[in-house]
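Below: one structure, written as structure tokens.
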Amino acid sequence: MLTTKRQQNDMKQMMSENFNRLLEIMSRLRKDCPWDREQSLDSLQKFLVEETYECIDASQRRKEDGDQALIEELGDVLLQVVFQAEILSETHGRPIIDEIIKGLSEKLIRRHPHVFESKERLTADEVIHSWNKIKDQEKGSGPQSLSSRFSKVPKSAPSLRLAFEIGKTAGKHDFDWENSEEIFLKVLEEVKELEMAVEPAEKEEELGDLLFTLSQWARKEALEPELAAMKACQKFLNRFDEMERILEEENQTWEDCSRQKKEELWRAAKKAERQRT
């Protein structure tokens, strides 16, 4: 913990030097590394998505892996920001990373007037309301066409997250379910319709309706459907790892197991999971 002004200044100086060194490294890589040189904003999109998911995964596994894995993954996400900023700097002939930092700093100050201006005491919910109100004022909140109301929804987001954002935007414009109980009844209705679907195209459509509706239920329950799905996937993989561990202890292979044995291994893996938590 920093205790003196000098220590604080030394830390700020070190952080500034480390960040400037990172920018210098990135600039040199763009000049001297053939792979880095041929990258574009378009080619880097997939890496930004991959690194973001790896970062989320590391955050979720902090209990098992500690914080160091998360620190490393946060660095990889930062690399994508610095990389794209460097490409933009080459295009525009000015240090875009400076604009990014300056713009973000100013936005944080503008949208936290209770901290930087009035010192007003707000609850967390009131802070969110204030943030959204200021954001709407900045973006302009005049009359909009029905389609333009959804223009800010990130269409490249994962499907469950996209459904979440569409529902949130619709809710802002007074087109939403009243509560999660009402949505859950709709979920049951969609399950029934999926069950009754016959043709592949019909099944696909009904499955989409079900996933969309489940995302709205999650939104009303203040849950992130995309994260929930990711955690479910990771839970399956963890249980499978446990099943393989048990098989190794028993000197058996997966190929040796009957379907009944595999079900027993699954139950054992679930039991071990509950004991760990």
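Structure summary
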{"quantity": "ALA229, sole failed condition from (1) surrounded by fewer than 17 Cβ atoms within 10 Å (Cβ to Cβ); (2) at pLDDT below 95; (3) closer than 30 Å to ARG149 by Cβ", "calculated": "(1)"}
{"quantity": "Number of the condition not met by PRO158 [criteria: (1) closer than 27 Å to HIS112 by Cα; (2) surrounded by 12 or more Cβ atoms within 10 Å (Cβ to Cβ); (3) in contact with a helix residue (DSSP H, G or I) (Cβ under 7 Å, 6 or more places away or on another chain); (4) at pLDDT below 95]", "calculated": "(1)"}
{"quantity": "Matching option when the condition is surrounded by 12 or more Cβ atoms within 10 Å (Cβ to Cβ), within 20 Å of the chain's Cα centre (by Cα), at pLDDT 95 or above and among the aliphatic types (A, V, I, L, M), among LEU211, LEU194, LEU207", "calculated": "LEU211"}
{"quantity": "Helices (runs of 4 or more DSSP H) contained entirely in region 67-132, each with at least 2 residues that are outside the structural domain of SER43 (by TED's automatic domain parsing) and among the charged types (D, E, K, R)", "calculated": "96-110"}
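The values are calculated or read from the model by the stated rules, or taken from the named source; none is laboratory data. This one's a predicted model, so the numbers in the text were calculated from it and none came from an experiment. Positions of Cβ are generated from backbone atoms using ideal geometry, with glycine treated the same way; all protein chains shown enter the neighbour counts.
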